[in-house]
Amino acid sequence: MGLKRIVKKSLGLGEMGFTKDGGNINWFPGHMAAATRAIKSRLKLSDLVIEVRDSRIPLSSAHPELQSQLSSKRRILALNKKDLANPNILNKWVHYFDSCNQDCIAINGHSKSSVQKLLELVELKLKEVISREPTLLVMVVGVPNVGKSALINSIHQIAASRFPVQEKMKRARVGPLPGVTQDIAGFKIANRPSIYVLDTPGVLVPSISDIETGLKLALAGSVKDSVVGEERIVQYLLAVLNSRGTPLHWRHLNNRSEVNQFESDNKREYNPKDLRPQSRKPLNVSDMLYVEDMVTEVQRALHVSLSEFDGNVEDENDLENLIEQQFEVLQKALKIPHKASEARLMVSKKFLTLFRTGKLGPFILDDVPDVNPPKP
Ligand SMILES: Nc1nc2c(ncn2[C@@H]2O[C@H](COP(=O)(O)OP(=O)(O)OP(=O)(O)O)[C@@H](O)[C@H]2O)c(=O)[nH]1
């Protein structure tokens, strides 16, 4: 299929994948090897593991090297950032993991009610050991930027309201950049039995042979943008969107009067929280309208470029040409001055932000595996 080929071609990677010390992409920071060893040894002591994954990439955000150790433990998969994922497909993913006998729950790490449901599941799974052990250890693991610290903070707040916690509460650091948590920190969340929750740094594997998995991780923010390059990530994102025909669903935004109608229809349901950037600073009304207008322009530009395109998106050269055209229309839609020397980079950064904050709509990039594949 064209997608995989264009990915390799446009990234100039040939047959190479993401490797620790090779070629164009060096993405395995030194501290991760030591952190991975520390996590592996502490995993042996844990009574339960919450493996946090990104709901938009439920498979690609698994840490392959830890899987064999994790599958032998009491484990709950927490598919975080569910607010950014397509709910119907996310349901299918949860059913898929259920069918593999893997406890799984979709959550929003910033929402206490959502994290509360996860804690109920944790307690249920720990029931059999609670009566035997004076101290229980719950470990939170996952690749960078999936929201481990945000989840820990929510767990901490819930615990503080439920149990008389003696220790001074510490908050985990939460950041929009991968690799923020660099050491393993423990929090006591309950007494009798004492339950400790251990946050861990996000770690990746030294090499990923599948280039698409690497790009999905970059798109979700688990690999630093500067490592892969924003333009490459956006080329991949546009390749995915075009191959799926997603911009064709933005048809209702095709002309300005419909746009206005669409905007006014939607304004009533407008929730300022939806427009918070990753720093979670609230936007004022004029900022919100500016972002809303920009999203509409972007969606309209991509809709027009794909619907007027007379090539074949399955063909790598055609798809590459389409993406080149789309960089130009996006520059206009994103109001980036024509002569800006760094225009392409600015287009990429803004477009990525719209995607990552969910403004372009909810997405799930991994396909749900077929649980009952047809017999050969
Ligand atoms: N939309 C959305 N954003 C979230 C959610 N949970 C976390 N985030 C955001 O994702 C980013 C990364 O969150 P962190 O909690 O720092 O992620 P982490 O897994 O601890 O990251 P590392 O320290 O790199 O391992 C931050 O900008 C969070 O605000 C969620 O459920 N929904």
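Residues I323, I364: which one is in contact with a helix residue (DSSP H, G or I) (Cβ under 6 Å, 6 or more places away or on another chain), open to solvent by less than 10 Å² (accessible area, probe 1.4 Å) and not assigned by the TED database to the domain that holds M294?
On the way: I323 fails: not assigned by the TED database to the domain that holds M294.
Of I323, I364, the one residue that is in contact with a helix residue (DSSP H, G or I) (Cβ under 6 Å, 6 or more places away or on another chain), open to solvent by less than 10 Å² (accessible area, probe 1.4 Å) and not assigned by the TED database to the domain that holds M294 is I364.
Out of D103, D83, D54, which single residue is of a type in the set (D, E) and open to solvent by less than 40 Å² (accessible area, probe 1.4 Å)?
Only one candidate passes the filter, namely D54.
Failed condition for L90, given (1) more than 25 Å from V223 (Cα to Cα); (2) in a helix (DSSP H, G or I), with all others met?
(1)
Please go through (1) modelled with pLDDT of 95 or more; (2) near the ligand (Cβ under 9 Å from one of its atoms); (3) of a type outside the set (A, V, I, L, M, F, W, C) for Y96 and return the number of the only condition it doesn't satisfy.
All conditions are met except number (2).
When you scan the stretch 103-114, do you find a residue that is outside any loop (DSSP other than H, G, I, E, B), more than 16 Å from the ligand (Cβ to nearest atom) and in contact (Cβ under 8 Å) with a residue 24 or more places away in the chain, even just one?
no
With more than 12 Å from the ligand (Cβ to nearest atom) and either within 25 Å of L360 (Cβ to Cβ) or modelled with pLDDT of 95 or more (or both) as the only criterion, which of N80, N145, N86 stands out?
Residue meeting the stated conditions: N86.
Considering R244, R256, R251, which residue is closer than 15 Å to S305 by Cα and modelled with pLDDT under 85?
R251
Just give me the residues in the stretch 326-353 being surrounded by fewer than 18 Cβ atoms within 10 Å (Cβ to Cβ) and within 17 Å of E292 (Cβ to Cβ), in sequence order.
K335, T353
The values are calculated or read from the model by the stated rules, or taken from the named source; none is laboratory data. Given the structure is predicted, the values throughout are model-derived calculations rather than measurements. All Cβ positions, even for glycine, are placed from backbone atoms using ideal geometry, and neighbour counts span all protein chains on display. The area values use the complete protein model at the heavy-atom level, side chains included, leaving out ligands, DNA and RNA. Shrake-Rupley method; radii C 1.70, N 1.55, O 1.52, S 1.80 Å.
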